[in-house]
Amino acid sequence: MDIEKIDLNLLRIFDALMRTRNVTLAGEIVGLSQPAVSFALNKLRVLTDDLLFVRTSKGMEPTPRALRMADPIQHVLEVVQRDVFLKDNFDPLTSTRVFTLSLSDVGEMVFLPKLLKKLRMSGPGITFKSVSMTPARLEEAMTAGEVDLAVGYFPDITKANFYQQHLFTHTFACLVRRDHPTIKRQLSMKQFLDASHVVVRAEGRSQEIMERYLEGQNIARKVGLSIPHFMSIPHLLPESDMIVTVPYSCAEAFAKFGTLKMLDLPMKAPAFDLKQHWHARYHRDAGNQWLRGIIYECFSKGI
């Protein structure tokens, strides 16, 4: 038998005939007319070199060859229905899926607590894996299916095969130690310019927006310390009189430690958009759709 001449409809018609032993009823099951079913049966007879079904007073009785074919064909149809065409089912209450998210260190601090709290009830068996990588590597990883979502500020993800959804618009704030000797409840422009600054050089992140803004305004700071990450700030700042400018949500989180106080910038702060990004391969994935919905529900109105 030439397997290249077999199509799925022939197998469906064979299975319907096997179950009904009637050409008309088989046609009703597969949605074909009686002549169309007869034509398909003749095609199967040619391909198998066997009558397959013989007309008797009891109906279309299968030949021994047809009886041998019945179980394998039924199995093939079940596999196709179950594993190929059946819509993905995702139940967050029973799922043990591991979702990989690309987050910055600030993103972990800002997004994960609220997200994990939400999942305690809605997805108790779900696991998150947080990764951080360069913009170029991130696109490769998302294209390869290694990262489910990138959440935060990722301006480099712009290719046509990526989707994005706006979550909220963000801005910046300043932090100093709570008992700062000269900076109290408000921060003046003179104090901002006179102070020694901690500058976070997080490449490809929101800090670049602040840097470009200051350059555009011809505002030059006195840089006392340059660091690559945010997480050391709560340990460094209480031991100095320096000031740092960070994303607003980061300042809020660090101020909760009790050793730092949060202040508005003495100028109009620039804004930037935080979004969630995903590759087209996951656009219709049921689990990914569910997670995107949870993230949007948690953060579309801000932190």
Filter the range 123-138 down to residues that are farther than 19 Å from LEU274 by Cα and under 17 Å from the mean Cα position of the chain (by Cα), then give me how many there are. 6
Filter pass, PHE172 being of a type in the set (Phe, Trp, Tyr) and more than 17 Å from VAL246 (Cβ to Cβ): no
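Yes or no, residue by residue, for (1) part of a helix (DSSP H, G or I); (2) crowded, with 19+ Cβ neighbours inside 10 Å; (3) not basic (Lys, Arg):
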| position | (1), (2), (3) |
| --- | --- |
| ARG19 | yes, no, no |
| ALA26 | yes, yes, yes |
| LEU32 | no, yes, yes |
| VAL37 | yes, yes, yes |
| LEU41 | yes, yes, yes |
| ARG45 | yes, no, no |
| ASP50 | no, no, yes |
| ARG55 | no, no, no |
If a residue has to be modelled with pLDDT of 95 or more and in contact with a Ser or Thr (Cβ under 6 Å, 6 or more places away or on another chain) to count, how many in the range 239-265 make the cut? 1
Restricting attention to the range 209-247, and to residues there that are surrounded by fewer than 21 Cβ atoms within 10 Å (Cβ to Cβ) and hydroxyl-bearing (Ser, Thr, Tyr), which single residue is farthest from PHE192 (Cα to Cα)? SER232
Just to be sure I understand the filter: pairs with C-beta atoms under 7 Å, separated by 6 or more residues or on different chains, first member in the range 26-43 and without any contact (Cβ under 8 Å) to a residue 12 or more places away in the chain and more than 17 Å from ALA66 (Cβ to Cβ), second member part of a helix (DSSP H, G or I) and of a type in the set (A, V, I, L, M, F, W, C). Which pairs pass? GLY27/ALA36; GLY27/VAL37; GLN34/VAL23
Report, ordered by the first and then the second residue, all pairs with beta carbons closer than 6 Å, sequence separation of six or more or different chains, a first member in the range 240-264 that is within 15 Å of GLN186 (Cα to Cα), and a second member that is β-branched (Val, Ile, Thr) and in a helix (DSSP H, G or I). VAL244/ILE233
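The values are calculated or read from the model by the stated rules, or taken from the named source; none is laboratory data. Keep in mind the model is a prediction, meaning the values are calculated, not measured. All Cβ positions, glycine included, derive from the backbone under ideal geometry; neighbour counts span all protein chains shown.
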